[in-house]
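Below: the structure, in structure tokens.
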Amino acid sequence: MVEDLPSGLKARHLAETDHPRVLAVLDAWWGGLKGEAGATERALLLPRLYFQHFTTTSFLVERGNGEVAAFLVGFLSQTQPETAYVHFVGVDPALHGQGVGRALYQAFFALARSHGRRFVHCITSPENTASRAFHTRLGFTASAVKPDYDGPGLDRMAFTISLRSAPTGIA
């Protein structure tokens, strides 16, 4: 399912019971990005419905003791049949640089390809420089900042990668 994880980590698909566990790590993992408004924004981006309706296209990585280590919430677009979408990803900062995020994306890319998808899209806030750099390293192409993309004051940058042109070792 998710390959090339560091020793001691295991992956599985999300379950509804993971919702409160994932919400519990958001503030610590994002280091207070954008303050209290950022914390509220992150929590609102992950309502329980993602943990109910997108479990087969989403992943959770756990440590041996069951502690959440990383997650990826993604889905196959119903409107754009060639597109898959990564909605939200988080990796424990203690695991940054160890290939966990890359492994999650590789698993999602493989899943998307198996369903005939050609593109993967995602967005991030312009302030999230770590996310922007990560997606660029994976081979995503970034848009310019899209003002008010998710509502007044909620600017975003959109990222796209073609699964057909991306090297299989990366995507």
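Quick look at the values:
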{"read-out": "Residue satisfying all of: in segment 31-63; aliphatic (A, V, I, L, M) and free of Cβ contacts under 8 Å to residues at least 40 places away in the same chain; farthest from ALA15 (Cα to Cα) among these", "value": "ALA37"}
{"read-out": "Test set (1) under 18 Å from ARG21 (Cβ atoms); (2) in contact (Cβ under 8 Å) with a residue 24 or more places away in the chain; (3) open to solvent by less than 40 Å² (accessible area, probe 1.4 Å) - PRO93 fails condition number", "value": "(3)"}
{"read-out": "Residue that is most open to solvent (accessible area, probe 1.4 Å), among those in segment 110-133 that are of a type outside the set (Gly, Ala, Ser) and farther than 19 Å from TYR149 by Cβ", "value": "HIS115"}
{"read-out": "Selected residue [at pLDDT 95 or above, over 24 Å from THR160 (Cα atoms) and in contact with a Ser or Thr (Cβ under 9 Å, 6 or more places away or on another chain)] from ALA84, ALA15, ALA11", "value": "ALA15"}
{"read-out": "Test: residue in segment 99-107 that is surrounded by fewer than 18 Cβ atoms within 10 Å (Cβ to Cβ), more than 20 Å from PRO47 (Cα to Cα) and free of Cβ contacts under 8 Å to residues at least 12 places away in the same chain", "value": "no"}
{"read-out": "Residue pairs meeting the criteria (Cβ under 6 Å; at least 6 apart or on separate chains; first of a type in the set (Val, Ile, Thr), in segment 115-144; second part of a helix (DSSP H, G or I) and open to solvent by less than 40 Å² (accessible area, probe 1.4 Å))", "value": "VAL120/ALA112; THR124/SER131"}
{"read-out": "Lone unmet requirement of (1) over 12 Å from the mean Cα position of the chain (by Cα); (2) at pLDDT 95 or above; (3) surrounded by fewer than 22 Cβ atoms within 10 Å (Cβ to Cβ) for PHE51", "value": "(3)"}
{"read-out": "Candidates GLY38, GLY32 - the one that is of a type outside the set (Ser, Thr, Tyr), open to solvent by 40 Å² or more (accessible area, probe 1.4 Å) and modelled with pLDDT under 95", "value": "GLY32"}
{"read-out": "Any hit, segment 22-29, residues being part of a loop (DSSP other than H, G, I, E, B), aliphatic (A, V, I, L, M) and within 16 Å of ALA70 (Cα to Cα)", "value": "no"}
{"read-out": "Subset tally (residues that are assigned to a strand (DSSP E or B), β-branched (Val, Ile, Thr) and touching a His at 6+ places or on another chain (Cβ under 6 Å)) for segment 42-82", "value": "1"}
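The values are calculated or read from the model by the stated rules, or taken from the named source; none is laboratory data. None of the values given here were measured: they were computed from a predicted structure. Please note: Cβ atoms are built from the backbone with ideal geometry, for glycine as well, and neighbour counts cover all protein chains shown. Areas reflect the complete protein model, heavy atoms only, side chains present, ligands, DNA and RNA absent. Shrake-Rupley method; radii C 1.70, N 1.55, O 1.52, S 1.80 Å.
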